[in-house]
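Structure, as structure tokens:
The values are calculated or read from the model by the stated rules, or taken from the named source; none is laboratory data. Please read these numbers as outputs of a predicted model, since none were measured by experiment. Cβ: placed from backbone, ideal geometry, glycine included. Neighbour counts: every protein chain shown.
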Amino acid sequence: MTTAMPISILGFRTFAANQTEGPTNRPPNPEGDVIKRIRLQRPRILIVDDGAIFRESLIFKLQDLYGATVEGAETGEDALELASDLNTFDLILMDIAMPGMDGFETYEAIRGCGVDTRIVLMSAQNEYRDRAQTLGIDFLKKPWSDGDFERILLECGGEGV
């Protein structure tokens, strides 16, 4: 029997077809189950990051591995334009340190438009974590673990891990 098996490419897990499955009494793969649950949700996600390579890599991972519909924005201003249509996205993942409007300013502007989509701010800088927590904004430190990332994806679809 043939099945899609998770593999890692450039640090991103993806699926490879044509892998032969072992005996049917193999224990369930919780990692594969989580990915399958996220794929069934078909999340709609906006990625906001001025780093083109990071943004495009994350878009690829979300589309390829998790089956998400993803749009990308390079600036806070672009994100505001895309997010201002109510209920367009299930999740907005947004960098904090961007030219022009930073992630905090963009967060406030999006909320000011009445958009209540879950927004998770992300940064490699630890000092932003405290500010985000003080303001009650979800924060994800780059680089993150797949477990933390998948928990957020499941939660945006109304599930827990």
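Just give me the residues in the stretch 82-121 being out of contact with any helix residue (DSSP H, G or I) (no Cβ under 8 Å at 6 or more places or on another chain) and under 12 Å from residue 47 (Cα atoms), in sequence order. Give the derivation first.
Restricting attention to the stretch 82-121, the residues satisfying the condition of being out of contact with any helix residue (DSSP H, G or I) (no Cβ under 8 Å at 6 or more places or on another chain) are 82, 85-87, 99, 107-108, 111-112, 114, 116.
82, the sole residue that qualifies.
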Checklist line | Among (1) at pLDDT below 80; (2) more than 13 Å from the chain's Cα centre (by Cα) - the single one residue 12 does not satisfy | finding: (2)
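For the structure I just gave you, tell me whether residue 6 is in a loop (DSSP other than H, G, I, E, B) and either at pLDDT below 50 or surrounded by 12 or more Cβ atoms within 10 Å (Cβ to Cβ) (or both).
So residue 6 does not fit the description; no.
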Notebook entry, point to check: If you go through the stretch 53-62 one residue at a time, do you hit one that is over 19 Å from residue 154 (Cα atoms) and surrounded by 17 or more Cβ atoms within 10 Å (Cβ to Cβ)?
Noted result: yes
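Matching residues to (1) crowded, with 18+ Cβ neighbours inside 10 Å; (2) more than 25 Å from residue 38 (Cα to Cα); (3) within 11 Å of the chain's Cα centre (by Cα):
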site: 99; (1), (2), (3): no, yes, no
site: 111; (1), (2), (3): no, yes, no
site: 135; (1), (2), (3): no, yes, no
site: 141; (1), (2), (3): no, no, no
site: 154; (1), (2), (3): no, no, yes
Check: If you go through the stretch 63-71 one residue at a time, do you hit one that is surrounded by fewer than 16 Cβ atoms within 10 Å (Cβ to Cβ), more than 26 Å from residue 34 (Cβ to Cβ) and among the β-branched types (Val, Ile, Thr)?
Finding: no
